[in-house]
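The values are calculated or read from the model by the stated rules, or taken from the named source; none is laboratory data. Note that the structure is predicted; figures quoted are calculated from it, not measured. FYI the Cβ positions are ideal-geometry reconstructions off the backbone, even for glycines, and counts take in every protein chain you see.
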Amino acid sequence: MALLELLKQRRSVRDFLDKPVEREKIKLCLEAARVAPSACNSQPWKFIVVDDGELKKRLCDKAFSGIYAINAFCKKAPVIVVIVSERSKFLARIGGMFRGTKYYLIDIGIAGEHFVLQAQELGLGTCWIGWFNERAVKSVLNIPKDKKIDVLLALGYYDQEKVKSGHSREPLDKISSFNSY
């Protein structure tokens with residue numbers, strides 16, 4: 001499949017089938033994330049895959065309760081992937097301070113999108129989650145308190161016929177220009 005076609009097919013999935021995801025497919029997604037570019041080749045990420053049913057239930061019950069309940073649909077996802085932000089290399093941190101840019105966020109965004117696109121190619125659906133109880137996630141998965149978790153990914157099979165077409169997108173001439181603003 002051509003890349004642009006794959007990109008146009010990708011949707012945020014919130015209704016997953018009750019079907020486990022094969023570890024081999026998860027590993028392919030992780031490999032896609034592993035080869036993502038990052039500032040100064042920092043690779044400031046660690047992916048924690050939660051596919052054990054009991055652990056995932058405990059994680060979701062705590063991560064998506066109270067004010068975070070809007071993302072309770074994640075409980076139906078067979079897999080939750082936790083992207084832990086690790087420390088960038090010194091030069092990336094210094095450059096980021098001068099530029100006022102948190103390069104590690106860009107880096108995990110690229111790696112996460114590599115994961116998501118590989119999942120799409122394999123017939124798996126994903127949803128980026130940024131609203132969750134970070135403290136609860138750390139507690140359930142024994143993640144050190146000084147680590148930062150900015151993103152969770154829900155992953156699983158879905159009914160491709162039921163997924164709505166994507167949100168409308170602005171026309172190209174509205175979001176781009178050549179040679180000046």
Given (1) within 21 Å of Lys147 (Cα to Cα); (2) surrounded by fewer than 20 Cβ atoms within 10 Å (Cβ to Cβ), number of the condition Tyr104 does not satisfy: (2)
Odd one out for Ile70 among (1) hydrophobic (A, V, I, L, M, F, W, C); (2) under 22 Å from Tyr158 (Cβ atoms); (3) in contact with a Leu (Cβ under 7 Å, 6 or more places away or on another chain): (3)
Residues of segment 19-55 classified as at pLDDT below 95 and either of a type outside the set (S, T, N, Q) or in contact with a His (Cβ under 9 Å, 6 or more places away or on another chain) (or both), total: 3
Residues (out of contact with any helix residue (DSSP H, G or I) (no Cβ under 6 Å at 6 or more places or on another chain) and in a helix (DSSP H, G or I)) located in segment 122-145: Glu134, Arg135, Lys138, Ser139, Leu141
Residues being among the polar types (S, T, N, Q) and touching a helix residue (DSSP H, G or I) at 6+ places or on another chain (Cβ under 6 Å) - total across segment 19-51: 2
Residue tally, condition assigned to a helix (DSSP H, G or I) and either of a type in the set (Ser, Thr, Tyr) or out of contact with any strand residue (DSSP E or B) (no Cβ under 6 Å at 6 or more places or on another chain) (or both), over segment 34-75: 21
Residue match in segment 125-134 (condition: of a type in the set (Ser, Thr, Tyr), farther than 24 Å from Ser12 by Cα and modelled with pLDDT of 95 or more): no
